[in-house]
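Input: a single structure, listed below in structure tokens.
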Amino acid sequence: MLDIRDWRPDLGGMGKVHVRFGKGSRGRGPKQRLVPAINGADELIDWWLAEVRHQFGDDWSNPDAPMLPSERFDDGLGRCGRVGSNALRRALGIQTGLWLPSWSGRLTPHVLRHYCASSLYGAGMDLKALQELLGHQWLATTSGYIHVRSEHVEQAWKNANQRVAARFGEV
């Protein structure tokens with residue numbers, strides 16, 4: 001449900017995506033938020049809008065046009081319509097079957113959301129920042145999204161001891 005206007009390269013150091021129709025928990029309705037374009041997402045969005053999006057019709061400069069249009073032309077709209085979530089899920093399923101057959105039938109957008117949260121946490125992103133990024137109201141929900149590797153506890157213990165040792169060394 002992203003429109004071209006939802007890409008805000010002027011916000012923050014990397015730009016932000018205005019998620020206007022984020023899924024709210026337990027049917028509470030859409031949850032809006034601004035999501036920073038981390039991990040090179042800003043470059044990908046800029047490339048898409050500058051080099052690819054115009055191939056889907058003349059509405060590429062209309063801020064109200066869908067950022068991700070369908071490849072099917074809609075005569076009623078006079079342009080390509082918005083790609084639906086089912087088309088994206090189906091395409092993910094097809095590509096997973098081709099390239100990751102052991103994940104076939106198991107890799108979903110929601111699994112990718114968990115993987116993203118776990119990867120960012122493992123790379124050192126703060127839990128509170130992850131909560132905001134994912135749009136969760138409760139930190140406990142965010143914690144449920146994070147799956148850590150078995151060596152995570154040992155590494156956290158080593159890091160904590162190094163911080164303590166560094167503090168005593170400075171005194």
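Read-outs throughout are calculated quantities, based only on the coordinates presented, and are distinct from any laboratory measurement. What you see is a predicted model, and the numbers here were worked out from it, not measured in a lab.
Odds and ends about this structure:
- Under the criterion of Cα pairs below 8 Å and six or more residues apart, the relative contact order for the stretch 13-171 equals 12 percent.
- Backbone HN-Hα couplings from phi across the stretch 134-150 [Karplus 6.51/-1.76/1.60, Hz, Gly and Pro as x]: 7, x, 7, 7, 10, 4, 4, 5, 4, 4, x, 7, 8, 10, 9, 6, 4
- Of GLY57, GLY29, GLY122, the residue with the greatest mean-square motion in the GNM of the chain, using alpha carbon springs below 10 Å, is GLY29.
- If you run the Gaussian network model on the chain, springs between alpha carbon atoms under 10 Å, then out of ARG149, ARG113, ARG20 the most flexible one is ARG149.
- Prolate/oblate/rounded label for the stretch 46-128 (Cα gyration tensor, a/c 1.5): oblate
- Mean ellipticity per residue at 222 nm, deg cm²/dmol - from DSSP H runs of n ≥ 4 across the chain, formula -39500 (n - 2.57): -12500 deg cm²/dmol
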